[in-house]
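Structure, as structure tokens:
The numbers here are math on the coordinates, done by the rules we state, and not lab data. A quick note: this is a predicted structure, and the numbers were derived from the prediction, not measured. So basically every Cβ, Gly included, is an ideal-geometry build from the backbone, and we count neighbours across all protein chains shown.
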Ligand code: FES
Ligand code: FES
């Protein structure tokens, strides 16, 4: 039996799940966390991106056995318990980023990790960091704007009244 820590909750994964199953399918099919999307299954699109210990990873490329005992965060785990969105999620709404929406969970997960490691990225740094995330609707300009908006919000917050908190 494997124990997964997903969005702060521990889940026991039964022996009926092959430990080599990609994490993506355990999240979606076993745990019902369908916000994480299947795009290509071969590490080419990042629709399946989640965080392992805060680092962005393609969950279709991680055998579930390698995620046991690691802090896993999915798109469902970003917002606060009371539903308050993170600055990245709010910026996505404010910039009206999604078109079909299919790639957007992966985009938000990657943008969130980017802003944790680089709170004020340049256009070039955004393009470089986000290049693994494919959007067939080509929402890249709005993604860039939303990342800058979230960055500004975080910067204002840390300079102003509310310090700290989620990205
Ligand atoms: S579904 Fe994982 S990279 Fe495309
Ligand atoms: S919004 Fe359609 S694939 Fe990105």
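Report the extension gain between residue 29 and residue 155 in nm, rounded to one decimal, defined as 0.36 nm multiplied by the number of residues separating them, less their alpha carbon distance.
41.5 nm
Given the -39500 (n - 2.57) contribution per DSSP H run of 4+ residues, what per-residue ellipticity at 222 nm results for the chain, rounded to the nearest 500 deg cm²/dmol?
-9500 deg cm²/dmol
What does the extension gain come out to for residue 68 and residue 94, with contour length at 0.36 nm per residue minus their alpha carbon separation?
5.8 nm
How tilted is helix 140-159 with respect to the longest principal axis of the chain? Cα atoms for both, answer in degrees (0 to 90, nearest 10).
The helix 140-159 is inclined about 70 degrees to the chain.
Please report how far the C-alpha centroid of segment 113-159 lies from that of segment 42-81, rounded to the nearest whole angstrom.
Cα centroid to Cα centroid, the span is 19 Å.
Kindly express, to the nearest 10 degrees and within the range 0 to 90, the angle between helix 104-117's C-alpha long axis and the longest C-alpha principal axis of the chain.
Once rounded, one gets 70 degrees.
Stretched out fully, how many nm does the piece from residue 61 to residue 16 gain, at 0.36 nm a residue minus the Cα gap?
14.2 nm
Of the listed peptides 12-21, 48-57, 101-110, what is their order by residue-averaged count of other C-beta atoms within 10 Å, with the highest listed first?
The most tightly packed comes first, giving 101-110, 48-57, 12-21.
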